[in-house]
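Colleague: The structure under discussion is supplied below as structure tokens; questions concerning it will follow.
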Amino acid sequence: MHNQSENGTSVGYDDDHSRIVIGRTDDEGPIFDGSVDVRPQGPEPSDASASALESEVSLETDVSLETSAGGVTVSMAITNTGEQPRSLDSLVFNFETADESPPFGPNSRIYRHGYQSWSPTATLPVGIRFPEESPNNAPMMLDLEAPKNRRTSSYLTGFVNGSGGAVTMGFLEHDRFCTRFDVRDDERGIHEVAAVCPFDGITLESGARLESATLWIDTTRSLEDGLATIADLVAEEMGARVPETVPTGWCSWYHYFTDVTEADVRENLEELKSWGIPVEIVQLDDGYMNAFGDWRTIDDDFDSMAGLAGDIESKGFTPGLWLAPFYVEAGSHLFQDHPEWFITDPETGDPVDGGFRAGDHLYGLDTTHPDVQPWLRETFETAVEEWGFQYLKLDFLFAAALPGSRYDDDVTRIEAYRTGMEIIDDTVGEDVTVLGCGAPLAPSVGLVDAMRIGPDTDPVWETVGESASQPALKNAVRNTLTRQFLHRRWWLNDPDCQLVRETSDLTTPERKAFAALVATTGGVNVFSDRITEIDPAGRRLLERSLPPVETGVVEGLADREFPTRVICDRTGDGATTVALFNWSDEQRAVSFDPQEYLEGTDATDDTTVVWDGFAGERLSEQPPIERDLAPHDAALFAIGDKEVIEASSPDSLTGSQ
């Protein structure tokens, strides 16, 4: 058996038996023990071992083990040594644990990472699942190629045992294959983990060679450190682009929805200018066009898109526009005029179901079709060059990655998705900011500047009975916390819009808590209220959440679905800020000791103060500091030099106004 070890992580591979073993160098027994299977397209043979498959389909495999970033990587090269072409389904690393004494037993937890922006992500106890998606939403929220009888984590995952020990795994390249981890677990623990690199039936010609995505494994880091390392490695591999400046601004969606008019945007533009809040973007969302797909057929309530964008710019703001370039509704002119432009079911030839929204069926554009590509270019030339929009929010991007048949069947669905995104990127140029949304996450790295990383916020905390991917502030909060480690690694995170008006169904504590979360995590900071409906307290809350901090660190990701503490350094004065949250539905007491965050510094009792961020006052109480928080509420404290804090803006959540 060939072995590779690094920093306590050990991985071994036996070529003769296609056996792979994962462990720790200081342990006698393996953590996971399994096999490597290459699966051809079509029915699986009765013996699915790699050696039997090589004989049956004339495939030669070469597994490579290397060390990287303190962990071990596993990759495979597959060569077709037969005379005939071969279609490949997938490469699967099948890992099993001992049922009698599993290393991840009943007290273990699993970090499950969702497929796209809105897919729920969190660390959950074994045996506990997120609620099922409805049939209308499944094409949008799920990787449809994943098995329904397994817990699927897309691109990366982690497992934490009852003692806090963790194993993290992640694929590093995402430009061809939609990788995933299919986990079999129940209340007794984790039993099987399949690390899957799907090949989408691509054809391997005689003598041709195919490289799989590289799997990175670590068995010694904490869950948080392991996930951050995977994110760093993916960012380097995929050429992540991370702008220095975080977008801030106003968006039309959560007040006007699809009823927005040009007059509405102009009203809020004037209010923004009069207010003077330091934000940059005025973004028009859904409602300006007649149908999904007919992006250049403008609603009668808009006189001139170019005139509107020009006036936004003349007022000192960046004009922003929402589009869903790959998602087309059945009632649109585009769908009626060009039915051949869509991803189809290979058996029926009908367009693949992309979900049901706003009373109509929607479908995914085939970005490999030679007539779709110039249409995409023309659409974005219109939006950017003719109309003048310089900030683009691109939504429902998953549609280009739906499984199905395409004009060019030699590409994978991820290659097709990236083709569409690369056309857009090339058309709009480097000066336009691109925010992705509803997108397959890892395959988007390097193609967007910012990315929505959770469901829509919505003007409600939650809607009972709906899945965890649906619009609700609770669902947005979950993913903002559990995907924070992607911020400034893969892109700038977008937690979605703040809503501070009193006329929504959000409580004052909920509005305050989300403001604190947005302020301390450092992502995109956009609000979406009719400005005339924001009272002085709401305006002050928004002002206090600006400007964005560099980034924040979420504590407790391994321990719970909703971590309750975020740590950051304030932009204005560098003071350490600790945000404490109560995400439960009951009032709870929270506490912290400032000394935890002063160890190893030169701070003394004489020069250091603790400042209550919301009350805007210095605290005189002795640690630990305790607060009773209402449901979905927050407390925020800054710890730093007295003179520095008082010289900045001590009542600002980020240290300056």
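Colleague: Place a point 7 Å from Cα of residue 2 in the direction of its Cβ. Which residues in the range 194-234 have their backbone N less than 16 Å from it?
Modeller: Counting backbone N atoms under 16 Å from the label point, the list is 210-216.
Colleague: With +1 on each Lys and Arg Cβ and -1 on each Asp and Glu Cβ, how big is the dipole of the range 365-483 about its Cα centre, in debye rounded to the nearest 20?
Modeller: 720
Colleague: Work out from phi, with θ = phi - 60° and the Karplus expression 6.51 cos²θ - 1.76 cosθ + 1.60, the ³J(HN,Hα) of each residue of the range 382-389, listed in order in whole Hz, and give x for Gly and Pro.
Modeller: Taking θ as phi minus 60°, the curve returns 5, 5, 8, 7, 7, 7, x, 7 Hz for the range 382-389.
Colleague: Along the charge dipole of the chain, which of 507, 64, 207 sits closest to the positive end, that is, farthest toward it, with unit charges on the beta carbon of Lys, Arg, Asp and Glu (+1, +1, -1, -1)?
Modeller: 507
Colleague: Can you give the net charge of the other residues whose Cβ lies under 11 Å from the Cβ of residue 71, counting K and R as +1 and D and E as -1?
Modeller: Values: positive: 221; negative: 6, 66, 218, 225.
Here the count lands on -3.
Colleague: A further question follows. From a point 7 Å beyond the Cα of residue 586 in the direction of its Cβ, which residues of the range 560-580 have a backbone N at a distance under 19 Å?
Modeller: Answer for this model: 560-564.
Colleague: Additional query: Rank-order 141-151, 389-399 by packing density, defined as the average count of other C-beta atoms within 10 Å over each peptide's residues, highest first.
Modeller: 389-399, 141-151
Colleague: If you don't mind, another one. Using R₀ = 60 Å, calculate the FRET efficiency as 1/(1 + (r/R₀)^6) where r is the Cβ-Cβ separation of residue 464 and residue 19; round to 0.05.
Modeller: That pair, residue 464 with residue 19, gives E of 0.80.
Colleague: Kindly report, to the nearest 10 Å², the accessible surface of residue 361 as traced by a 1.4 Å probe over protein heavy atoms only.
Modeller: 90
Colleague: Could you please state how large a percent of the accessible area of the range 558-639 is carbon and sulfur, counting protein chains only and using a 1.4 Å probe?
Modeller: Solvent-exposed carbon and sulfur of the range 558-639 make up 38 percent of the total.
Colleague: Roughly how many percent of the accessible protein surface of the range 433-501 is carbon and sulfur, given a 1.4 Å probe and a whole-percent answer?
Modeller: Carbon and sulfur atoms account for 42 percent of the accessible area of the range 433-501.
Colleague: On a straight-distance basis, which lysines could pair with residue 148 in a cross-link, Cα separation under 28 angstrom, same-chain partners fewer than 8 positions away excluded?
Modeller: Reachable lysines: 474.
Colleague: Given a 1.4 angstrom probe, what's the average accessible area per residue across the chain, in square angstrom?
Modeller: 38
Colleague: Could you give the nm distance between label points at residue 567 and residue 348, where each point is 7 Å from its Cα heading toward the beta carbon?
Modeller: Taking the simple label geometry, residue 567 and residue 348 are separated by 5.4 nm.
Colleague: Shifting gears a bit: Using R₀ = 22 Å, calculate the FRET efficiency as 1/(1 + (r/R₀)^6) where r is the Cβ-Cβ separation of residue 630 and residue 550; round to 0.05.
Modeller: That pair, residue 630 with residue 550, gives E of 0.15.
Colleague: Taking H as built 1.01 Å from N, whose amide H comes closer than 5 Å to the amide H of residue 284, not counting residues under 5 places away?
Modeller: Answer set, sorted by chain and number: 320, 321, 322.
Colleague: Sort 305-315, 548-558 for me by packing, meaning the mean count of neighbouring Cβ atoms within 10 Å per residue, highest on top. Before the final figure, lay out the partial values.
Modeller: Details: 305-315: 17.5, 548-558: 19.2.
My ranking of the peptides, most packed first, is 548-558, 305-315.
Colleague: Given a Förster radius of 25 Å and the C-beta distance between residue 136 and residue 290 as r, what FRET efficiency does 1/(1 + (r/R0)^6) yield to the nearest 0.05?
Modeller: 0.65
Colleague: Ignoring any ligand, DNA or RNA, what whole percent of the accessible area of the range 314-421 comes from carbon and sulfur when the probe is 1.4 angstrom?
Modeller: 43
Colleague: Mind giving me the nanometre distance, one decimal, between the label points for residue 539 and residue 245, set 7 Å out from Cα along Cα→Cβ?
Modeller: It works out to 2.5 nm between the two label points.
Colleague: I would also like to ask the following. Can you list the residues of the range 172-216 with backbone N under 15 Å from a point 7 Å past the Cα of residue 62, pointing along Cα to Cβ?
Modeller: Backbone N within reach: 207-212.
Colleague: Any idea of residue 199's accessible area? Nearest 10 Å², probe 1.4 Å.
Modeller: Rounded to the nearest 10, that gives 0 Å².
Colleague: Need the list of lysines near residue 315 for cross-linking: C-alpha distance under 30 angstrom, and skip anything on the same chain fewer than eight residues off.
Modeller: 273, 393, 512
The values are calculated or read from the model by the stated rules, or taken from the named source; none is laboratory data. Treat the numbers as computed from the prediction; the structure is a model and nothing was measured. We place every Cβ from the backbone using ideal geometry, glycine too, and count neighbours over all the protein chains shown. Heavy atoms of the whole protein, side chains included, go into the accessibility calculation; ligands, DNA and RNA do not. Shrake-Rupley method; radii C 1.70, N 1.55, O 1.52, S 1.80 Å.
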